[in-house]
Each structure stands twice: as structure tokens, then as C-alpha cells.
Amino acid sequence: MIELKGVYKAFGRHPVLKGIGLKVAKGEVVVVIGPSGSGKTTLLRCINFLEKADEGELTIGQNHYHFKHASKKDILSVRRQTAMVFQSYNLFNNKTALDNVTESLIITRGVAKNEAEAIGRRLLDKVGLTDKYDAYPCRLSGGQQQRVGIARALALNPEVILFDEPTSALDPELVGEVLAVIKKVAREGITMIVVTHELAFAADVANHVVFMDGGIIVEEGTPQQLFFHPKAERTQQFLKRILPEWNYDI
Amino acid sequence: MGKLFDIQLVFEYFPKLLSRLHITLSIVFAATVLGVILGTVLALFRLAKTPILNQVAVVYISFMRGTPIIVQMFIVYYGLPLLLLMIHLDINHWDKLIFIIITYGLNMAAFMAEIIRASIIGVSIGQTEAAYSVGMSRLQAFRRIVAPQALLIALPSLGMNMMGLLQNTSIAFSLGIIDVIGKARVIGASTYHTLEGYVGAAVIFLALCILMEYGFTHIEKKLKYKMIGLI
């Protein structure tokens, strides 16, 4: 279980997160939606300390952390329980697809090389890249890179995988293959927090949808509730703007 | 004195010049190694903004890049022994070559520091973030992900600086070192045939430069092949 309490973060004098609380049960898929600049990505980056939140608490399983007083050891411990899939993939450019997946297993978990490679191959097979073990990132399409990114995250067997707009940098044609992989992983019961603009996808895989705007959580609920019966006016506005056709379909 | 320029003499002096090549090469290679090591340390101080050491690095780099190497050479040759004598270390008996290598190494370090710093900054921040996100420590992320990519970015500039260093060694004779240029000078002084010696030296320097260019291009290609599309 992941729990966030009172997360506050400001860049200079500009507050980005104004007290966020969020509970994610084990195996749950939480999708965070909202307009650009609403703090979704920052929230995600605060969870694994790529940004340091100014206030707030984080609970992962039995472990509690205070963002403000987190030591180097705390940060490393949080990062070893989480994994992230980036908007711009961020595969290690100097490593092959397989090495991208095995690197952290070998370096940070002390897994033996051949064992790590077996895990790596299995995961690359799972994301449909059986023929790309030895390809360097620059030789892969965006969709393939992102699937390696997902395999890299899975390899760590984390408590939660954080997806930061995983399809936003992709060609429309390639979005589908990545979403399909994420969906497959979600079905396996891995806890996920997904920031995305793909609302149809959100409606499909999410157990819980969170709508953020202006650094706060405006509304949250099941996809059914949030997408079809939004209570807050701001949520209605947002959904109307990006899903006009839904109003006619349903 | 005879002819002003005798092509025959160029060939005659050439082996004599070649016999001093090892001195020139040892200055270049030892100073490069020293420069890369010290330059990396300076670059890391700058990047980590280590208090005091960062400022020291800034001043050091400005001084070394802003003063002529011949001045630095004399400061090291005459100043360093005095400085070390204060802590009761007598280095006056050291070979002159060592002072030359120290000078060129210290000078190279200043240039390398800025090259290395720029190369590390040149590696996308996303690479570091990805390394952190999978649980690597700062050192692991640097050593395994950032440094290999930075090396590729730094390589062309490193090659250029090494060639610059090679040309710069031509004033090492000011301290009485008999390297290739020193030998050409000695030959000139004793035979009054100055030009022939220098022409021979020019051929040697040119050949070395072409070799270095070739070598660096080769290494770069090999590394790049592994990470095509990186630059």
C-alpha cells in the first residue's frame, strides 16, 4: 500500500502541490488526470524523490518517510521500492535493451549476471521485444524504447510503478502498443500510479481516477463516477473540453 | 657555411631528431594523463559546487588558461622547489623533464576541467534521473551511465587539446630539455644549419598530428558505433 499525506511543494514562490493526499491499495491502478501544469508529474516525481517535496509524508508498505527530513538512506530505500517509466523513455543510451533491464538488478540488487539476464529476457519477451535484446536505444522506435522502459521498471519488482505520461512523446500510431503493454501489466496486479492524457485508456484500466487541478485533488472516484457523473464543476469543464464526443455517445 | 638550405642535411639530421622523439612523446602522454585525472577532479568540484574547492578550481582554471605556458614553466621550475622546501622536501635534484611534465599536466588540467565539465552537463539529465529511479546511488549513476556517455562527448575536444599540447612542447627547450625541437636547436647552433633541423622537426610533428587525428577518429567511431545517435 502507498499512502501520501499533505504533500506540499513549491518551485521558488510558486506552489505546485498544495497538500495532496492519496491512498493506493496493493494491486490497484490509479490514474491521475488533469490539465497541464496541474502538478500531476511533480506529484509523481516527489514520490521517488526526483523532486524533493517541502512537506508531507509517504508510506510504502510498512515504511514511513517524511519528505522534509528524508535522509540519503531513506531516499535510496524509497527508490528501491519504486520504479518509474518516463515520458521521454530515458533509456540508458550506452546500454543495450537487455542491459537496460538487467543493469539495476546487477548493480543495485546484487543479482548474478546470468540470473539477471534470464529475468531480462523474460521481461523483454513479455513486452514483445524478443528480437531486440542487443539493440541500442537509438536503434529502437519510440514505442519500442518505452516498452523497454516498462520492462526495466518491472525487473525491479517494485511496490509501485510510476508512469509519467508514458505515451505523450509517441507517434499516435505507436501509442496503442505501449498502452497494450501497460494494460497487460496492470492485469497482473502490479500497483501503478499513471499520469496520462489517454482518458479512454484510463477508463479501461483504472480502479481509481484522480482529477488534479491547480495543485490540489479536485475530485476522485471510480472511472464510472468520475468520467460519467463528475460532481465538481471544474471536472465537468475539463472532461467536456477534452471529451466532447462522449456527451453524444452516452 | 655553404648553402642556406641543403636538403641532404635534412635527411642527415632526421635520425638525430628522431632519437629525441621519446622525450617529446613522454611529455605529451604523461601530461595528458595528469591533465585528465586532475581535470576530472576539478570538473567534479565545479559540478558539485563543493564549497571553497569550487572557488579554488575557478581561480586555478582562470590562471592556467590566462597565463602563457612559458611563465607557468618558470614558476613551476623555480617556484615549486622553493615551496616544497618550506615543508622540508628537497626536489632540486629532480630531472628537468619532471618539472616540464608537471607544468604541462597542470596546464592541461585546466583545459580538460572545462571540457569534462561541459561533457558531463551535455549528458541529458534524464539519464541521471533514470539511474536514480532504478535505485542507483550518485556514484553508480555517474560511473555506469553518465561517465561513459560524457567520454564520447569529450573525445573530440580531448584530441584537439592533445594536439595543442604536442605543439606546445616546442617551448620546453626553454628549460634546457633536449626533445625534438631542442635537438633541432642544438643542431642549428653547432652547425649553423638551423633551417634543416626545423624542417625535419616539422615533418615529425606533422606526422604525429596526423597519427593522433587518425587514432582519435578511430576510437570515436568505435565508441560511437555502440551508441549511435547519441550525438
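Miscellaneous remarks
- The residue of the range A:11-22 that is most open to solvent (accessible area, probe 1.4 Å), among those that are over 14 Å from A:Thr41 (Cβ atoms) and touching a Leu at 6+ places or on another chain (Cβ under 8 Å), is A:Gly21.
- Of the strands (runs of 3 or more DSSP E) lying entirely inside the range A:30-126, the ones with 3 or more residues being under 18 Å from A:Ile182 (Cβ atoms) and either touching a Gly at 6+ places or on another chain (Cβ under 7 Å) or open to solvent by less than 50 Å² (accessible area, probe 1.4 Å) (or both) are found at A:82-85.
- Residue list for the range A:146-188, filter: more than 12 Å from chain B (Cβ to nearest Cβ), among the charged types (D, E, K, R), in contact with a helix residue (DSSP H, G or I) (Cβ under 6 Å, 6 or more places away or on another chain) and in contact (Cβ under 8 Å) with a residue 60 or more places away in the chain: none
- Some residue of the range B:216-225 being in contact with a Phe, Trp or Tyr (Cβ under 6 Å, 6 or more places away or on another chain) and either more than 14 Å from chain A (Cβ to nearest Cβ) or not aromatic (Phe, Trp, Tyr) (or both): no
- Residues in the range B:35-50 that are open to solvent by 50 Å² or more (accessible area, probe 1.4 Å) and part of a loop (DSSP other than H, G, I, E, B): B:Lys49 alone.
- B:Gly182 vs. criteria in contact (Cβ under 8 Å) with a residue 40 or more places away in the chain and exposed (fewer than 14 other Cβ atoms within 10 Å of the Cβ): no
- Residue list for the range B:51-94, filter: outside any helix (DSSP H, G or I), modelled with pLDDT of 90 or more and over 15 Å from B:Ala109 (Cα atoms): B:Pro51, B:Ile52
- Residue satisfying all of: in the range B:120-147; under 30 Å from B:Cys209 (Cα atoms) and open to solvent by 40 Å² or more (accessible area, probe 1.4 Å); nearest to the other protein chains (Cβ to nearest Cβ) among these: B:Gly122
- Listed conditions (1) closer than 30 Å to B:Thr169 by Cα; (2) among the basic types (Lys, Arg); (3) within 14 Å of chain A (Cβ to nearest Cβ) are all met by B:Lys96, apart from (3).
- Residue check, A:Gly214 more than 19 Å from the chain's Cα centre (by Cα), open to solvent by less than 70 Å² (accessible area, probe 1.4 Å) and within 26 Å of A:Gly56 (Cα to Cα): yes
- The sole residue among B:Leu208, B:Leu175, B:Leu165, B:Leu152 that is within 14 Å of chain A (Cβ to nearest Cβ), in contact with a helix residue (DSSP H, G or I) (Cβ under 8 Å, 6 or more places away or on another chain) and on the phi < 0 side of the Ramachandran plot is B:Leu152.
- A:Gly143 being part of a helix (DSSP H, G or I), open to solvent by less than 50 Å² (accessible area, probe 1.4 Å) and within 12 Å of another protein chain (Cβ to nearest Cβ): no
- Test: residue in the range A:174-181 that is open to solvent by less than 10 Å² (accessible area, probe 1.4 Å) and over 24 Å from A:Lys5 (Cα atoms): yes
- Candidates B:Arg138, B:Arg144, B:Arg117, filtered to the one that is touching a helix residue (DSSP H, G or I) at 6+ places or on another chain (Cβ under 9 Å), closer than 15 Å to A:Glu103 by Cβ and charged (D, E, K, R): B:Arg144
- Every test in (1) surrounded by fewer than 20 Cβ atoms within 10 Å (Cβ to Cβ); (2) within 14 Å of chain B (Cβ to nearest Cβ); (3) not in a loop (DSSP other than H, G, I, E, B) is passed by A:Asp134 save one, and that test is (3).
- Wholly within the range B:138-231, helices (runs of 4 or more DSSP H) carrying at least 1 residues that are within 19 Å of A:Cys138 (Cβ to Cβ): B:147-168, B:194-226
The values are calculated or read from the model by the stated rules, or taken from the named source; none is laboratory data. Since the model is a prediction, treat every value here as computed from it, not as a measurement. For neighbour counting, all protein chains shown are included, and Cβ atoms are generated from backbone atoms with ideal geometry for every residue, glycine included. We work out accessible area using only protein heavy atoms, side chains counted, and drop any ligands, DNA or RNA first. Shrake-Rupley method; radii C 1.70, N 1.55, O 1.52, S 1.80 Å.
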